[in-house]
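The values are calculated or read from the model by the stated rules, or taken from the named source; none is laboratory data. Everything numeric here is computed off the predicted structure, so don't read it as measured data. Virtual Cβ from ideal backbone geometry, glycine too; neighbours counted across all protein chains shown. Please note that ligands, DNA and RNA were not included when accessible areas were found on the heavy atoms of the full protein model with its side chains. Shrake-Rupley method; radii C 1.70, N 1.55, O 1.52, S 1.80 Å.
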Amino acid sequence: MKTAIVTDSNCGISKEEATDLNIFIIPMPVYIQNDFYYEGIDLHPESFLMHLKDHKEVHTSQPSPADLLTMWEKVFSSGFDELVYIPMSSGLSGSFHTACQMAMEFPGKVYVADARRISVTQRHAVQDALWLAGQGIGAATIKERLEKNALNSIVFVGVDDIDYLKHGGRITSAAAAMASVLNIKPLLVIGGNRIDAYERVRGQKCCEKRLLRAIQEKVTQFKQQGASYRIGIAGSFMDEADLSYWYGQAKEAFPDEELIYDPLTCSISSHVGPNSFGMGVSVKIDA
C-alpha cells in the first residue's frame, strides 16, 4: 500500500521543497481587493506583505471542494493507493470539516487528520506523517497517531504593529491606541483550536526575550516527559536583516537544535501584519 501525504500551504513548506519531500500541497486561496490568488503559486510572502503594508483589503479562504477533488485525483493518478490530508487546525478554519465531507467520495482512500496545527507546527505534523509512512504505516493509523499527538505543540507570535490586530477585530481601537502610546507588543499563542493573547510586553526586545523564554519553558516540559521534539522559527519579515537577526536570537537560545525557518503564511500574516516573529515546538512522533 503506497500512502501519500497531502497538506495545505499553511504549513509554510514551499512548492519546491514539497517536490523534494514527495508530498502534495493544496494552496490556500487569498483575496486582495478584487483580485484572487493562490498562496505559493501566484502569491508569495514578499508581495503579500507589501499588500498588507499598503493596507489593502485582504482576506484568506479555505480550499474549494473542487480544489480538493482535483488534488486528490492527482495524487491517485500518481500511483498512490491512499492519502492522509493534514489541513490547518479545525479550530482556525472550516477547511477540516469541508475536507471530511469531500473524503466521503473516496471511502477507505482519503483520511483527513485534524492535527490542530498551523505554520511551523503543521510542518512538524507533516514530518511526523512522512516518518510514519516511511515505516510502512497506513493512512488510517497515521491519522490516528497525528490526532493523538495534536495538542503536544504550541506556537508563539510576537506582533510588531498592533494596528493589524485592530483591523482584524481582535482588539478595540481604544486598546490599540493605548498600546501604541505605551509601546506595548502583544505576544500571541496558537495552541490547538484558537489564537489567544499570551502576554503584553513593553518593547520589542522584551517581547522577543519573553517569546524565547516561553519556548524554553515548553521544551523543558517536553524533556521532563521524556519526549523528543522539533523547534521551528517563523516570521513575516520584509527585510532580510530582520530575518537574520531573529534567526540569530533563536540560535543563541537553542544552539544545539536544528532550526528551520518558514515565512508566516497568509492566514496568520493577515492578522498580525509585517515584521512579526514567531517560534513553535512540537513533540516528535518517533516510535
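Hey, can you tell me all the residues within region 118-140 that are outside any helix (DSSP H, G or I) and either in contact with a Lys or Arg (Cβ under 6 Å, 6 or more places away or on another chain) or more than 18 Å from PRO263 (Cβ to Cβ) (or both)?
GLN135, GLY136, ILE137, GLY138
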If you check LEU83 against the conditions, is it in contact with a strand residue (DSSP E or B) (Cβ under 7 Å, 6 or more places away or on another chain), within 30 Å of GLU240 (Cα to Cα) and open to solvent by less than 70 Å² (accessible area, probe 1.4 Å)?
no
Within region 238-260, considering residues that are open to solvent by less than 40 Å² (accessible area, probe 1.4 Å) and outside any helix (DSSP H, G or I), the one nearest to LEU151 (Cα to Cα)
LEU259
Considering every residue within region 178-193, establish whether at least one is within 16 Å of GLY280 (Cα to Cα), open to solvent by 40 Å² or more (accessible area, probe 1.4 Å), at pLDDT 75 or above and not in a loop (DSSP other than H, G, I, E, B).
no
Cβ pairs under 8 Å, 6+ apart or interchain, first in region 69-96 and part of a helix (DSSP H, G or I), second of a type in the set (Gly, Ala, Ser), ordered by first then second residue, are VAL75/ALA4; PHE96/SER89; PHE96/SER90
Can you tell which of ALA227, ALA234 is open to solvent by less than 30 Å² (accessible area, probe 1.4 Å) and touching an Asp or Glu at 6+ places or on another chain (Cβ under 8 Å)?
ALA234
Taking region 261-279 and the residues there that are assigned to a helix (DSSP H, G or I) and touching a Phe, Trp or Tyr at 6+ places or on another chain (Cβ under 7 Å), the one that is most open to solvent (accessible area, probe 1.4 Å) would be HIS271
Any pair with Cβ under 8 angstrom, 6 or more apart, that starts in region 203-222 at a residue that is touching a residue at least 60 places away in the same chain (Cβ under 8 Å) and closer than 16 Å to TRP246 by Cα and ends at one that is part of a helix (DSSP H, G or I) and open to solvent by less than 70 Å² (accessible area, probe 1.4 Å):
GLU208/TRP246; GLU208/GLN249; LEU212/GLN249; LEU212/ALA250; LEU212/ALA253; ILE215/ALA253
Exclusive hit being open to solvent by 20 Å² or more (accessible area, probe 1.4 Å), out of contact with any Pro (no Cβ under 7 Å at 6 or more places or on another chain) and modelled with pLDDT of 95 or more, set ASP35, ASP20:
ASP20
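On the given criteria, is HIS124 at pLDDT 95 or above, within 30 Å of ASP242 (Cβ to Cβ), surrounded by 14 or more Cβ atoms within 10 Å (Cβ to Cβ) and in contact with a strand residue (DSSP E or B) (Cβ under 7 Å, 6 or more places away or on another chain)?
yes
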Contact list, first residue from region 40-67 and closer than 12 Å to SER9 by Cα, second anywhere and open to solvent by 50 Å² or more (accessible area, probe 1.4 Å) and in a helix (DSSP H, G or I), beta-carbon distance below 9 Å, six or more apart or interchain, is GLY40/LYS15; ILE41/LYS15
Which pairs turn up if I take residues in region 126-145 that are polar (S, T, N, Q) and look for partners that are at pLDDT 95 or above and crowded, with 20+ Cβ neighbours inside 10 Å with beta carbon separation below 8 Å, at least 6 apart in sequence or on another chain?
GLN127/ARG230; THR141/LEU132
